[in-house]
Each structure stands twice: as C-alpha cells, then as structure tokens.
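The values are calculated or read from the model by the stated rules, or taken from the named source; none is laboratory data. Bear in mind the structure is a predicted one, so any value in this text is a computation, not a measurement. Here the Cβ positions follow ideal geometry from the backbone for every residue, glycine too, while neighbour counts run over all protein chains shown. In case anyone asks, the SASA skips ligands and DNA or RNA and just uses the protein heavy atoms, side chains included. Shrake-Rupley method; radii C 1.70, N 1.55, O 1.52, S 1.80 Å.
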Amino acid sequence: MEQAAREQLMRQAESAGLAEPQFTVNVATPRAAPPCAKAVEIEAVDTRTPARMRFAVLCPDAGGWRYEYVLRGSVSALVAVSAAPVAAGQMLTAQDVTLERRDVTTVSDALGSAEAATGQASRRSLRAGEVLRQAQLSAPLLVKRGEAVLMLARFEALDISTAGEALDAGAMNALVRVRNLANGRVVRMRVIAPGTVEPADIPRSAQP
C-alpha cells in the first residue's frame, strides 16, 4: 500500500509540475489481514488529500475479504518562493523569485519553477519566503481604464498608429474597448504591450 501511495503521489506531483518531489507515507490504521492464497490487490479509494489517503486491500480468493486503510503522506518539493517582500499588484521579476524546498502537502497549486511566476503580478502583498501559489498570481494589467493608449495597426510593412483612450483594463491579449480620439469611435482592441493595442480581428498568428 505504501508503494501504491508513493506512486500516486508521484503522478500528482508530475501533473502539478513540481520539481524534485520527495514523499513520506505511513499507514495510519494498521490492521492485520487474514491469509490469502492469491496475491492481494491494492485499490486506491480516495487520494485527493495526501495527508489522508484511503486504500483498500482485496483478497481475490473465493469468499475473500476487503479491508480499507488510511495512509498519511507528506510531500516536499523545490517550489517558487518570494525572495523579498512583494507589494500587491507588483509584477514579479527574476530577482523576486527563488526556489526552495518546502512542504507542499496541503498546497495544491505551488509553482515548480521560477519562470512560472516571473512576469505575473501578485494579487496581495507577500512576505519574503512565502510559497508562490497560482491562485495568488495573475497576469499584470498592461492597459488601465481611462489611460491613453497607442492604437496600432499593421498592414504588411506599414504601421499606422493613432491615440486612443482605454475604456476597459486588460492584461496581455485581453480584448478591451478603446475610444479613438481622432473620430470618437469605440472599437474592440487586443492588448499587445503596455499601453498598446491592436485591432481585435487581426489573428495572433499573423503578427510578426
């Protein structure tokens, strides 16, 4: 059962992208099982919470038996942590993130690489050394509502630009409403850089 639990935890760690995961597993409800003439079968019953997993042992003999056991696992891995205090809304740079081994048994969305956090913004202020979780981060706003933006359209080798006013806030690739200051028209544009938008109907694959 311990081996089956370790294999399950490894699959979960790989799915979560954790780096160099390590596990400990202990049977919390030891119970002696009757003899079985055939090789017993191990069945995962509930593995959603590593700290309390349930496995069943089945004897496939005629008139065999089935017992359930609780196993307690712990998981540690190299995960992204804040290298210094981070203000709410601050975009994380490579200097703000480092990798440290931490217990992530109860953390389902820890980031397994510094690159996964770099370039994202923190939803709240963070202390130095906090494990960075995906739920805490979001794509930074490159366009803010009410600010001036550059409306850029590309036609082959020709770039045409005009001034606009953002009517929505948006992160990279978000669609926002923009008022063209030259003619007052409101159009939907795609955010492509800080303070810069392009027509929403231009396919991303067509861009250089």
Exercise. Any residue in segment 9-17 that is hydroxyl-bearing (Ser, Thr, Tyr) and part of a helix (DSSP H, G or I)?
Worked result: yes
Seminar exercise, completed: Pairs returned, first residue in segment 185-202 that is touching a residue at least 24 places away in the same chain (Cβ under 8 Å), second residue that is among the charged types (D, E, K, R) and open to solvent by less than 40 Å² (accessible area, probe 1.4 Å), beta-carbon separation under 6 angstrom, 6 or more apart or interchain, are 192/198; 198/190; 200/190
Exercise. Would segment 54-61 turn up any residue that is under 28 Å from residue 133 (Cα atoms), among the aromatic types (Phe, Trp, Tyr) and not in a loop (DSSP other than H, G, I, E, B)?
Worked result: no
For this session: Might you check whether a residue that is without any contact (Cβ under 8 Å) to a residue 40 or more places away in the chain, of a type in the set (Gly, Ala, Ser), over 15 Å from residue 110 (Cβ atoms) and outside any strand (DSSP E or B) occurs anywhere in segment 20-34?
Result: yes
For this session: Evaluate the following for residue 48: is it modelled with pLDDT under 95, more than 14 Å from residue 13 (Cβ to Cβ), among the basic types (Lys, Arg) and in contact with a strand residue (DSSP E or B) (Cβ under 7 Å, 6 or more places away or on another chain)?
Result: no
Seminar exercise, completed: Filtering segment 183-195 for residues that are crowded, with 17+ Cβ neighbours inside 10 Å and closer than 11 Å to residue 144 by Cα leaves a count of 1
Exercise. Looking at 18, 78, 9, which is the one that is in contact with a Phe, Trp or Tyr (Cβ under 7 Å, 6 or more places away or on another chain), surrounded by 15 or more Cβ atoms within 10 Å (Cβ to Cβ) and within 30 Å of residue 97 (Cβ to Cβ)?
Worked result: 9
For this session: Test residue 103 against the stated conditions and say whether it is modelled with pLDDT of 95 or more and either under 26 Å from residue 22 (Cβ atoms) or open to solvent by 30 Å² or more (accessible area, probe 1.4 Å) (or both).
Result: yes
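Rundown of residues vs (1) surrounded by 15 or more Cβ atoms within 10 Å (Cβ to Cβ); (2) closer than 30 Å to residue 108 by Cβ; (3) modelled with pLDDT under 90, yes/no style:
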{"site": "142", "(1), (2), (3)": "yes, yes, yes"}
{"site": "147", "(1), (2), (3)": "no, no, no"}
{"site": "160", "(1), (2), (3)": "no, no, yes"}
{"site": "181", "(1), (2), (3)": "no, no, no"}
